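The values are calculated or read from the model by the stated rules, or taken from the named source; none is laboratory data. All of these numbers come straight from a predicted model, not from anything done at the bench. Please note: Cβ atoms are built from the backbone with ideal geometry, for glycine as well, and neighbour counts cover all protein chains shown. Please note that ligands, DNA and RNA were not included when accessible areas were found on the heavy atoms of the full protein model with its side chains. Shrake-Rupley method; radii C 1.70, N 1.55, O 1.52, S 1.80 Å.
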Amino acid sequence: MNTSNEQAFQDKEDLKSLKDIGFNEEESKAILWDSLPNSMTHIWEMTREQIREKWPNADLSHLGMTLNDYQKFTDSTRSFPEKHAIVYPALGLSEEAGEVAGKVKKWLRGDTEKLDVDRVKKEMGDVLWYLASLATDLGITLEDVAQTNIEKLTKRKETGTLKGDGDDREIIPNINELRDFSGIHH
Ligand SMILES: [Mg+2]
């Protein structure tokens, strides 16, 4: 295979991949034409939101739902007064987390032989709804929340601090600073 054939082969693969993620033939060719010679690195690094923004007609539905798709859905089902933004979903999140715990607690008590996973799933959905609404009120995306959590836990895994307490436990304090009592007055 000579170089130009290899390039053509590569383009064909890219074209197929673009179709796989929901672009039609015309869009795929336009994107390929646009992005060459750096090929597809840019588009593969784009989020679905960015792809939708650039190519609004691309049908990405078969890829399933993203966290941000779900967050958008919650916008259309909000039913609390906007003056209670942040506080209402924060309270609801806690309430629904309690309902998850309640279902597990009753199973533990022996009310039912089996844990009703369907009912727990519904309560978990309520948790997710309030979590998404809280994120919206705070002006952040659910994907941002997930990504931040991935980064935090990855760091903890790397430093061997997955177990323990504290939000910033990966920051190990300098023992000499801890022994500096000069700022404490008795
Ligand atoms: Mg509930």
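Tabulated values for the structure
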quantity	calculated
Criterion (part of a helix (DSSP H, G or I), touching a helix residue (DSSP H, G or I) at 6+ places or on another chain (Cβ under 9 Å), more than 13 Å from the ligand (Cβ to nearest atom) and not basic (Lys, Arg)) met by exactly one of Val120, Val104	Val104
Candidates Gly98, Gly110, Gly92 - the one that is more than 27 Å from Arg48 (Cα to Cα) and buried (at least 18 other Cβ atoms within 10 Å of the Cβ)	Gly92
Criterion: farther than 30 Å from Arg48 by Cα and modelled with pLDDT under 95 - qualifying residue of Ile150, Ile172	Ile172
Filter result for the condition that a residue is of a type outside the set (A, V, I, L, M, F, W, C) and surrounded by 14 or more Cβ atoms within 10 Å (Cβ to Cβ), over Asp137, Asp118	Asp137
Filter result for Thr74 (in contact with a Ser or Thr (Cβ under 6 Å, 6 or more places away or on another chain) and of a type outside the set (D, E, K, R))	yes
Residue check, Asp126 modelled with pLDDT of 95 or more, assigned to a helix (DSSP H, G or I) and among the acidic types (Asp, Glu)	yes
Qualifying residue in the range 75-86 (condition: free of Cβ contacts under 8 Å to residues at least 40 places away in the same chain, more than 16 Å from the ligand (Cβ to nearest atom), of a type in the set (A, V, I, L, M) and open to solvent by 60 Å² or more (accessible area, probe 1.4 Å))	no
Filtered residue count, the range 155-166, keeping only those that are surrounded by fewer than 10 Cβ atoms within 10 Å (Cβ to Cβ) and at pLDDT 90 or above	0
Odd one out for Ala135 among (1) within 16 Å of the ligand (Cβ to nearest atom); (2) touching a residue at least 40 places away in the same chain (Cβ under 8 Å); (3) of a type in the set (Gly, Ala, Ser)	(1)
Test: residue in the range 87-97 that is more than 16 Å from the ligand (Cβ to nearest atom) and within 24 Å of Ser76 (Cα to Cα)	yes
